[in-house]
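Taking it in order: structure first as structure tokens, then the write-up.
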């Protein structure tokens with residue numbers, strides 16, 4: 001599975017936009033999670049979606065699933081790019 005690991009963008013250790021402490025290699029590790037979704041409907045890599053969940057749930061005061069899309073909405077385009085998502089703004 002080396003090709004999947006090498007496809008994940010590298011994150012420098014430290015916080016993303018001062019909000020989420022991301023350990024180096026987080027996306028590399030999350031890429032190892034098998035994706036049960038039908039490939040025909042996939043828009044975003046599972047590792048990137050999981051990384052958003054990690055960041056949203058580790059931010060102070062966020063403890064529900066509704067915090068995930070809210071965190072993503074408030075994130076800067078640079079933060080989303082570093083998590084492997086295209087910038088839509």
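Worth pointing out:
- Of all residues in segment 36-48 being in a helix (DSSP H, G or I) and touching a helix residue (DSSP H, G or I) at 6+ places or on another chain (Cβ under 9 Å), the one that is surrounded by the fewest Cβ atoms within 10 Å (Cβ to Cβ): 46
- Tally, over segment 22-35, of residues that are at pLDDT below 60 and either in a helix (DSSP H, G or I) or surrounded by fewer than 13 Cβ atoms within 10 Å (Cβ to Cβ) (or both): 1
- Scan of segment 68-89 for residues that are without any contact (Cβ under 8 Å) to a residue 40 or more places away in the chain, over 16 Å from residue 27 (Cβ atoms) and surrounded by fewer than 16 Cβ atoms within 10 Å (Cβ to Cβ), ordered by number: 69, 70, 73, 74, 77, 87, 88, 89
- Single condition residue 53 does not satisfy, out of (1) at pLDDT below 90; (2) within 20 Å of residue 25 (Cβ to Cβ): (1)
The values are calculated or read from the model by the stated rules, or taken from the named source; none is laboratory data. Everything numeric here is computed off the predicted structure, so don't read it as measured data. As a convention, Cβ positions derive from the backbone with ideal geometry for all residues, glycine included, and neighbour counts pool all protein chains shown.
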